[in-house]
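Worksheet: one structure, shown below.
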């Protein structure tokens, strides 16, 4: 009788497990609905500080509410609000050795309402000379805490437009001023006058929580960024001027929503699950940076950051890669949990692109958290990356759904408390630019 009873219970548990499997609960039809909404023209490319991204936020909040998620920390909604400081040059005047320099040759980075310098002021003159590597040199000076007048050789004039168009945003603006001048090699005497329009601008992440049953103070994070590039002003009145960002990263955001609903239905997570859609990834990762400061890093057991999973990987369907695979054993845990399913997680095949440092996992990873990005994007040949053509018609929904199911399954032992990934050796990490 006991054997019969045990057999009946086992069959019942197996039936329940099958009914609650990722394949049963994570449906391609629902993936399509969410993805198509986030990547629709109505969202206007989800650019930070626009009505389009506000609509995207409201949609994600509604999906979190439908899943029954709780608010994060002491928030009174799913919106985690914070602000950045914006600076726009109102007027500028620069003369070098008696010659007036056109405004078009300047790129000013300053958060002071008014600045005034001469060669006798507390400002250093430095150079980016012909033959220098402008990328590292630019960021060295751009990130400096000193007042700098940077003379840029004319050979780099093709970089001038891009640098001038850079968003002047900062969470913690400094008191210094850095001015890049193109096409000038020497400055013995100079006079600089600049006025800036400085403004505090608000934005928000979207965050929801499923409290853990037995380990509520141990966190597992699922994240993606929901912002994108907005509308291309150069496209004018062409039929499509919207950067829909279907793969980057409406796909990842869709995955986060689907995973929130899946784990909410299971309702058996021992560790607390935090689901977050970050803003401002495309302009510097400000959303994830703010979010990371609201947590104690030692309480975060793992972070699954999901970025661009809408197209098959270089290995084809049923596969994805994990950035920073060698920095913790989290990738090995995930692969172990999907054994026998036909799905495979691989190490990042594009190490030269420093992807581990370029997405929203980076801030927590630098604090020792096993925080990794899962992606399928072929970064050496992705044809629609950061282009107007990143649209729904290029999304492989069947494969994308399989990736989301694999993430759900692979996370199971971490969520249950059976596995705890090793920590990142933060002492070996060097900060990298996006």
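Each reported figure results from applying straightforward, stated rules to the coordinates on display, with no laboratory input. The structure presented is a predicted model; accordingly, all values stated were derived computationally and were not measured. So basically every Cβ, Gly included, is an ideal-geometry build from the backbone, and we count neighbours across all protein chains shown.
No other residue among 74, 32, 127 is part of a helix (DSSP H, G or I) and either without any contact (Cβ under 8 Å) to a residue 12 or more places away in the chain or surrounded by 13 or more Cβ atoms within 10 Å (Cβ to Cβ) (or both) apart from 32.
Of the residues that sit in the stretch 249-308 and are on the phi > 0 side of the Ramachandran plot and within 18 Å of the chain's Cα centre (by Cα), which one is surrounded by the fewest Cβ atoms within 10 Å (Cβ to Cβ)?
My answer is 284.
Checking each residue in the stretch 381-424 for being closer than 22 Å to residue 354 by Cα and free of Cβ contacts under 8 Å to residues at least 40 places away in the same chain picks out 381, 383. Checked against (1) closer than 14 Å to residue 106 by Cα; (2) loosely packed, with under 15 Cβ neighbours inside 10 Å; (3) in contact (Cβ under 8 Å) with a residue 40 or more places away in the chain, residue 164 meets all criteria but (2).
What about residue 156, is it farther than 30 Å from residue 305 by Cβ, in contact with a strand residue (DSSP E or B) (Cβ under 9 Å, 6 or more places away or on another chain), in contact (Cβ under 8 Å) with a residue 24 or more places away in the chain and not in a loop (DSSP other than H, G, I, E, B)? Yes, satisfied.
Is it true that residue 113 is in contact (Cβ under 8 Å) with a residue 24 or more places away in the chain, closer than 18 Å to residue 85 by Cα and surrounded by fewer than 17 Cβ atoms within 10 Å (Cβ to Cβ)? Break it down into steps so the answer makes sense when it comes.
Numbers: in contact (Cβ under 8 Å) with a residue 24 or more places away in the chain: yes; closer than 18 Å to residue 85 by Cα: yes; surrounded by fewer than 17 Cβ atoms within 10 Å (Cβ to Cβ): yes.
For residue 113, the condition - in contact (Cβ under 8 Å) with a residue 24 or more places away in the chain, closer than 18 Å to residue 85 by Cα and surrounded by fewer than 17 Cβ atoms within 10 Å (Cβ to Cβ) - is met.
Scanning the stretch 78-101 for residues that are in a loop (DSSP other than H, G, I, E, B) and in contact with a strand residue (DSSP E or B) (Cβ under 9 Å, 6 or more places away or on another chain) yields a total of 2.
If you go through the stretch 198-241 and pick out every residue that is more than 18 Å from the chain's Cα centre (by Cα) and on the phi < 0 side of the Ramachandran plot, you end up with 25. Counting only residues that are free of Cβ contacts under 8 Å to residues at least 60 places away in the same chain and not in a helix (DSSP H, G or I), which one in the stretch 311-336 is surrounded by the fewest Cβ atoms within 10 Å (Cβ to Cβ)? It comes out as 316.
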